[in-house]
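Here the structure is laid out as structure tokens; the discussion comes afterwards.
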Amino acid sequence: MLIVKKFGGTSVADKERIFNVAKRCLEDYNKGNDVVVVLSAMGKHTDELIAQAKIINPNPSAREMDMLLSIGEQMSVAFMAMAFEAMDVPAVSLNAYQAKIHTTNEHGNAKITEIETERIREELAQRKIVIVTGFQGIAENNDITTLGRGGSDTTAVALAAALNADACEIFTDVDGVYTADPRKVPTARKLAEISYDDMLHMALNGAEVLHSRCVEIAKRFNIPLVVRSSMNRTEGTVVRNREAVA
Ligand code: ADP
Ligand code: ASP
Ligand code: MG
């Protein structure tokens, strides 16, 4: 099986969590699966970079912001590859240039247009765990772009589509998709499953648990998504087409 596993910022915020993620990926790898890992920037790194930029210039151009923000994801994938090295597990980190994630030119809100998967497939064929930067892409003129806040989810699902993956798991800091934000609404209930359309509606109404564009891509390519916690083994929420939802 080819499995795409995406981990958000909280899930890779420090050394302990990076190794926790590495070990979870290794479980799949050791069963003989091909594993592609997509990472966000660590903790609140993206917010910190934005704040630092504003000290220099309150109105930086979107192009230079993308140049800056792409640092966050690049740091995560390098650290993750180093964690695998420390565990003697073959792995390689790739940024958007190396993974050939092409996008439109809209800095700060670019859309993925194509992913050339040869390099990723070559690395997988050598039995490496492939760790790809979420959130970033390359524009037609080779400038770095970003996909909008929360865009690493979209990188994961677009990669799952391009690689014809057997599974796409989105690991986050809550146990799945709830009826409302569980941090704000204590009575919110975790859903075992939800249709693409209902999930899209929630995402467009501000539920940041999934980037809305990732839900659109998942629907278009009929890729079931599993949203679950990186901190525990609780079964998460399956996002899939309405016919499959019980
Ligand atoms: P990540 O860094 O893993 O991408 P995000 O912060 O983008 O995580 O998304 C997870 C957060 O989404 C949760 O911590 C939660 O507060 C929030 N959230 C908002 N609405 C929902 C919902 N309906 N179900 C689950 N989480 C939600
Ligand atoms: N690091 C980016 C952000 O904070 C992308 C992501 O987390 O998905 O928005
Ligand atoms: Mg997110």
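Residues that are within 16 Å of ligand 2 (Cβ to nearest atom), touching an Asp or Glu at 6+ places or on another chain (Cβ under 8 Å) and in contact (Cβ under 8 Å) with a residue 60 or more places away in the chain: list the strands (runs of 3 or more DSSP E) wholly contained in the stretch 68-163 that include at least 3 such residues.
Correct list: 144-146.
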Of the residues in the stretch 52-67, how many are of a type outside the set (Gly, Ala, Ser), closer than 15 Å to His107 by Cα and not in a helix (DSSP H, G or I)?
2
Any idea which residue in the stretch 15-26 is nearest to Glu169 (Cα to Cα), counting only those that are within 14 Å of ligand 1 (Cβ to nearest atom) and open to solvent by 50 Å² or more (accessible area, probe 1.4 Å)?
Asn20
Selection from the stretch 136-159 of residues that are more than 16 Å from ligand 3 (Cβ to nearest atom) and within 14 Å of Glu114 (Cα to Cα)
Gly137, Ile138, Ala139, Glu140, Asn142, Thr145
Can you give me the number of residues within the stretch 32-80 that are crowded, with 16+ Cβ neighbours inside 10 Å, of a type in the set (D, E, K, R) and touching a helix residue (DSSP H, G or I) at 6+ places or on another chain (Cβ under 9 Å)?
2
For the list (1) away from ligand 2 (no atom under 16 Å from the Cβ); (2) charged (D, E, K, R); (3) part of a strand (DSSP E or B); (4) surrounded by 15 or more Cβ atoms within 10 Å (Cβ to Cβ), I need the number of the one condition that Asp175 fails.
(3)
Looking only at the stretch 196-205, decide whether some residue is more than 13 Å from ligand 1 (Cβ to nearest atom) and either of a type outside the set (A, V, I, L, M) or open to solvent by 10 Å² or more (accessible area, probe 1.4 Å) (or both).
yes
I need the full set of residues from the stretch 113-134 which are in contact with a helix residue (DSSP H, G or I) (Cβ under 9 Å, 6 or more places away or on another chain) and closer than 11 Å to Thr103 by Cβ, in order please.
Glu114, Ile115
Exclusive hit being of a type in the set (Asp, Glu) and either at pLDDT below 95 or in a loop (DSSP other than H, G, I, E, B) (or both), set Glu169, Glu235, Glu216:
Glu235
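The values are calculated or read from the model by the stated rules, or taken from the named source; none is laboratory data. If you're wondering where the values come from, they're calculated on a predicted model, not measured in any experiment. A quick note on method: Cβ atoms are made from the backbone with ideal geometry, for glycine too, and the neighbour counts reach across all protein chains shown. The area values use the complete protein model at the heavy-atom level, side chains included, leaving out ligands, DNA and RNA. Shrake-Rupley method; radii C 1.70, N 1.55, O 1.52, S 1.80 Å.
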